[in-house]
1. Using the structure shown, decide if residue 24 is at pLDDT 95 or above, of a type in the set (D, E, K, R) and either over 26 Å from residue 257 (Cβ atoms) or surrounded by fewer than 20 Cβ atoms within 10 Å (Cβ to Cβ) (or both).
2. Quick one: in region 154-179, which of the residues that are free of Cβ contacts under 8 Å to residues at least 24 places away in the same chain and surrounded by fewer than 16 Cβ atoms within 10 Å (Cβ to Cβ) is farthest from residue 258 (Cα to Cα)?
3. Test of understanding: among 230, 234, 220, which residue is touching a Leu at 6+ places or on another chain (Cβ under 6 Å) and either hydrophobic (A, V, I, L, M, F, W, C) or outside any loop (DSSP other than H, G, I, E, B) (or both)?
4. Please find, within region 293-315, the residue that is surrounded by the fewest Cβ atoms within 10 Å (Cβ to Cβ) out of those that are part of a loop (DSSP other than H, G, I, E, B) and hydrophobic (A, V, I, L, M, F, W, C).
5. Could you tell me which residue of region 249-292 is modelled with the lowest pLDDT, considering only residues that are over 22 Å from residue 313 (Cβ atoms) and outside any loop (DSSP other than H, G, I, E, B)?
6. Quick one: in region 98-124, which of the residues that are closer than 17 Å to residue 138 by Cα and open to solvent by 70 Å² or more (accessible area, probe 1.4 Å) is modelled with the highest pLDDT?
7. As an exercise: evaluate residue 38 against (1) open to solvent by 10 Å² or more (accessible area, probe 1.4 Å); (2) within 24 Å of the chain's Cα centre (by Cα) and give the number of the one condition it does not meet.
8. Only one of these is on the phi < 0 side of the Ramachandran plot and within 23 Å of the chain's Cα centre (by Cα): 22, 62, 74. Name it.
Amino acid sequence: MKLATLPNGTRDGRLAVVSSDLERYAPADEIAPNLQAALDDWSNASPRLREIYEDLEKGRGLSPFRQDEALAPLPRAFQWADGSAYVNHVELVRRARGAEMPNSFWTDPLMYQGGSDTFLAGRQSICLANQSWGIDMEGEIAVIVDDVPMGASAERAASSILLFMAVNDVSLRGLIPAELGKGFGFFQSKPPTAFSPVAATPDEFGDAWDGERVHLPLCVDLNGEPFGRVRAGVDMTFGFPQLISHAAKTRPLAAGSIIGSGTVSNKLNGGPGKTISEGGVGYSCIAELRMVETIEAGSPKTPFLAFGDSVKIWMDGDDGKSIFGEIEQQVEEYRGCG
């Protein structure tokens with residue numbers, strides 16, 4: 001089942017069910033006014049939403065779905081916590097700023113609490129005041145969970161996963177070192193995150209979802225050229241149930257909380273990855289490529305994002321069809337946009 005949020009003049013939009021080919025939708029606000037309301041009553045809302053979805057799959061419903069009109073599935077959320085399950089990414093970006101990586105990072109997940117009051121739609125511009133801040137995209141996958149009790153095991157956490165989304169967790173690399181140097185974590189270096197036009201239930205992956213990881217490529221294009229075709233099920237040190245359990249260690253998670261995978265990142269033959277043109281699967285962020293360039297040539301040559309650049313992030317199923325729709329964003333100078 002695929003769900004989207006369409007604008008209706010309110011902050012949280014109105015809930016819609018979308019066909020599997022992303023061509024048609026049917027309004028679902030009679031079942032729940034918005035996605036958060038559906039998540040709050042998922043056991044009752046979900047079967048009714050699935051009935052609408054099945055009707056759409058039978059060809060019923062004439063309203064065309066336009067990805068560029070959709071808001072983020074949750075335009076705002078009670079919680080957005082982003083993990084860093086791909087430890088290869090952590091290792092590379094820490095090396096880029098001259099920081100050692102403790103061995104505990106391989107056994108205890110990293111996680112930060114992001115701003116969740118404002119999310120970007122999948123086609124909404126990345127608006128920032130200064131391109132010298134080191135603007136970077138980060139292609140990720142995220143899950144939306146049901147209520148999770150404090151101290152939940154990974155097994156219990158697995159049963160809480162309701163929906164998946166693709167993510168662009170925008171980072172400002174130039175601001176990160178000074179912020180982390182204060183010993184208090186990210187804030188200014190993490191502007192609003194963008195989510196895919198559609199959220200999908202786990203069954204939409206078919207056999208590619210094993211209950212812990214999604215075994216499909218996450219695709220990233222930069223300025224219309226292939227940048228990453230990274231394999232989301234490979235090199236993921238911590239599966240989603242482990243990440244959720246980690247988040248819930250000392251607090252309960254409310255329905256509608258979003259847990260991110262962190263930047264999808266693959267090694268190659270035990271070492272850093274390679275670009276697609278060199279026979280690798282590429283990268284989900286520019287920082288990794290710059291680190292590899294530094295390792296190989298002594299300094300980075302690929303610039304971070306600049307005003308006018310474009311980023312596209314999506315995931316296709318085994319049938320070649322897009323699961324979440326596409327995140328397609330332009331980087332723009334902030335002049336009251338966004």
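1. yes
2. We begin by selecting, within region 154-179, every residue free of Cβ contacts under 8 Å to residues at least 24 places away in the same chain; these are 159, 178-179.
Next, only the ones that are surrounded by fewer than 16 Cβ atoms within 10 Å (Cβ to Cβ) stay: 159, 178.
Values: 159: 15, 178: 27 Å.
Out of the qualifying residues, it is 178.
3. Answer to the selection: 230.
4. Looking at the filtered set, the residue picked out is 306.
5. 271
6. 123
7. In the conditions (1) open to solvent by 10 Å² or more (accessible area, probe 1.4 Å); (2) within 24 Å of the chain's Cα centre (by Cα), residue 38 misses (1) alone.
8. 74
The values are calculated or read from the model by the stated rules, or taken from the named source; none is laboratory data. The structure presented is a predicted model; accordingly, all values stated were derived computationally and were not measured. In this analysis, Cβ positions are derived from the backbone assuming ideal geometry, glycine residues included, and neighbour counts consider all displayed protein chains. Keep in mind that these areas ignore ligands, DNA and RNA; they rest on the heavy atoms of the full protein, side chains included. Shrake-Rupley method; radii C 1.70, N 1.55, O 1.52, S 1.80 Å.
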